[in-house]
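Inspection log for the structure reproduced underneath, given as structure tokens.
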Amino acid sequence: MAGRLVLGSVVRLMSIVKQIRIVCQVVSYRRRVSFEVASIIDTGIMELWTRPLDQARNKVIASSRCQAWGYLTGCIIYDTVGVLEYNSSVKGETMKLTGYQLPPTYRLSTHRGAGCAGDPPGHPRYFVRSVYTQHGNSPPSRNGKPAPHYELNGRYYSDLEGVDKLFKPLPLDSERVQLWIADTFRHHHSCYQVPDGAGSWHDNLIIYPVPSYKLKTFHDDERFSEEWRTKEKAAIEQANAEIEAYAADVATPDNHAATIIIRRYYPEFNPAPELIDNPPEGVTNWWERLAEKPTPETCPGEDWQKHPVNGLWCQVCGWHEQTPEN
């Protein structure tokens, strides 16, 4: 009988705690504070405490709405849902929050896609949404522990490298991949990379044929003697010949910028000469996110703009308004 009374009291206590309002006065300093509900033991006893989130354990059974950030002074415990799992020692590790809801001062971007320019079709970067604080910034990390910066299908990631692990390339000969390949060569037309060069991608960029602004130019002046003019013109001609020869040596199909990018996902890829010399024109990007090309009637547009995305034409499906000019 006594055991039943104790068990009944515990159950009633848990019911009361679920409804109670807890007010936290942050008086010593304004730090990111999280209220966590944890240690739901088999006996039904629930332990409740408060502490900075950066001291949280790797696994915490936490209330989805019981969060206070920065200047907030309180919150309401509605339910003990959500399992937060992370491993701060692994870069790109998923911050997986099952049943998790963002704090009331956080928000997700309305536009999907982050760091996805030039990525192959179907890449998960096209579908992620960024997480922002009330000040429009990314949530800060604390003491080396990751913060949720990106959301994809209800899961949160500290960086895009964690999202990249989910990508499974489509077959090389699929229509979408072939359109992406054409678009990549169009975007990187005449661009090559110095093999094994030091520095950044831009530092090793070579344009071939060499544009005029990359060559030296003789600027005449009436004060110059004819002898000096002759020597200077010869020196400039020699320097330009060396620039042209160096660029020609670099400008091979294997060193083409588009080839390098495509081989990150398709190592077996070999470019056709026409892709390098005369890449096809293209006015659509449906292949990035959609499985098949939509018609103007079925085109969803972008998530930030309905069809037609560009007003008189649509970059998703390629539709153009009929005018006397076209």
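No lab work stands behind these numbers, since they all come straight from the coordinates. This one's a predicted model, so the numbers in the text were calculated from it and none came from an experiment. Don't worry about glycine lacking a Cβ; one is built from the backbone with ideal geometry, like all the others, and counts go over all protein chains shown.
Hey, got the Cα dimensions of the range 119-260 along the principal axes, in Å, largest first?
The Cα atoms of the range 119-260 stretch 74, 43, 24 Å along their principal axes.
Taking a point 7 angstrom from the Cα of residue 160 along the C-beta vector, which residues in the range 290-326 have backbone N less than 19 Å away?
290, 303-304
Output the pairs from 214/293; 165/293; 145/165; 168/214 with a Cα-Cα distance over 31 Å in this structure; if there are none, say none.
Going by Cα-Cα distance, 214/293; 168/214 fall outside the 31 Å limit.
If packing is taken as the mean number of other Cβ atoms within 10 Å per residue, what is the order of 258-270, 122-134, highest first?
Values: 258-270: 15.7, 122-134: 19.2.
Ranked by mean Cβ neighbours within 10 Å, highest first: 122-134, 258-270.
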